[in-house]
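The values are calculated or read from the model by the stated rules, or taken from the named source; none is laboratory data. What you see is a predicted model; the values in this text were computed from it and never measured. Note that each Cβ is placed from the backbone with ideal geometry, even for glycine, and that neighbours are counted across all protein chains shown. Quick note on the areas: whole protein, heavy atoms, side chains included, nothing else; ligands and nucleic acids left out. Shrake-Rupley method; radii C 1.70, N 1.55, O 1.52, S 1.80 Å.
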Amino acid sequence: MSLHAPSPAIPFPTLTLNTGRYTVCGPHRDSPNDAPGICLDWIFGTFDHRRGGHLVLQEARKVLSLEPGRALLFPSALITHETIPIAPSEWRSGVTGYAPGGLWRFIAQGYQTRTEWEAQGAVDDLSKHNNEGILRWQEGLNRFLMLAQLETQWGAGGPTS
């Protein structure tokens, strides 16, 4: 079995088209996504981005005013986010790109579900398999920088040379 990206130009294995005239959402985390993975949030429509449609990143304590056509990359499984409503006469839609966390487990289980994997007698490898999952989680979290690391790398005036 081989897996292919939905488009050669998009580096995410999964895309969701959030269509409709009024695509806004309440506070949530995309917990099924790969936790340390990055999510694409690409906004389009005809709305006044100064008055509504803002993306709120709760833990970061940021409210982002994104013009239609703009995109943002962030770890949507780890950050609670929501969208501020738009006016009834406006429309806002979007495209999200992400990697489901179960995709990596599916690959690690030989391109089969956990039930299929266990039915083939793979239970002997269960402890090793679970430890590899913990290792994948730790490696993913290590990709994120701590505040002190960000300050060292970026400083007050931007990226360091």
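For segment 126-159: of the residues being open to solvent by less than 90 Å² (accessible area, probe 1.4 Å) and over 24 Å from PRO36 (Cβ atoms), which is modelled with the highest pLDDT?
Among those residues, the one meeting the criterion is GLY155.
Checking SER89 against (1) among the hydroxyl-bearing types (Ser, Thr, Tyr); (2) touching a residue at least 40 places away in the same chain (Cβ under 8 Å); (3) part of a loop (DSSP other than H, G, I, E, B), only one condition comes out false. Which one?
With respect to (1) among the hydroxyl-bearing types (Ser, Thr, Tyr); (2) touching a residue at least 40 places away in the same chain (Cβ under 8 Å); (3) part of a loop (DSSP other than H, G, I, E, B), SER89 is out only on (2).
Across segment 30-60, what is the total count of residues that are of a type outside the set (S, T, N, Q), surrounded by 16 or more Cβ atoms within 10 Å (Cβ to Cβ) and more than 17 Å from PRO85 (Cα to Cα)?
Going through segment 30-60 one residue at a time, the tally reaches 8.
Can you name the condition, by its number, that LEU66 falls short on among (1) open to solvent by 20 Å² or more (accessible area, probe 1.4 Å); (2) aliphatic (A, V, I, L, M); (3) touching a Lys or Arg at 6+ places or on another chain (Cβ under 9 Å); (4) not in a strand (DSSP E or B)?
It is condition (3) that LEU66 fails.
Which residues, taken from segment 40-60, are in a strand (DSSP E or B) and at negative phi? Before you say what the answer is, go through the steps one by one.
From segment 40-60, those in a strand (DSSP E or B) are 40-46, 55-57; that's our starting set.
Selection gives LEU40, ASP41, TRP42, ILE43, PHE44, THR46, LEU55, VAL56, LEU57.
Taking THR16, is it touching a residue at least 40 places away in the same chain (Cβ under 8 Å), closer than 23 Å to LEU141 by Cβ, polar (S, T, N, Q) and surrounded by fewer than 16 Cβ atoms within 10 Å (Cβ to Cβ)? Outline the logic, then answer.
Numbers: touching a residue at least 40 places away in the same chain (Cβ under 8 Å): yes; closer than 23 Å to LEU141 by Cβ: no; polar (S, T, N, Q): yes; surrounded by fewer than 16 Cβ atoms within 10 Å (Cβ to Cβ): yes.
Considered against the rule, which asks whether it is touching a residue at least 40 places away in the same chain (Cβ under 8 Å), closer than 23 Å to LEU141 by Cβ, polar (S, T, N, Q) and surrounded by fewer than 16 Cβ atoms within 10 Å (Cβ to Cβ), THR16 comes out as no.
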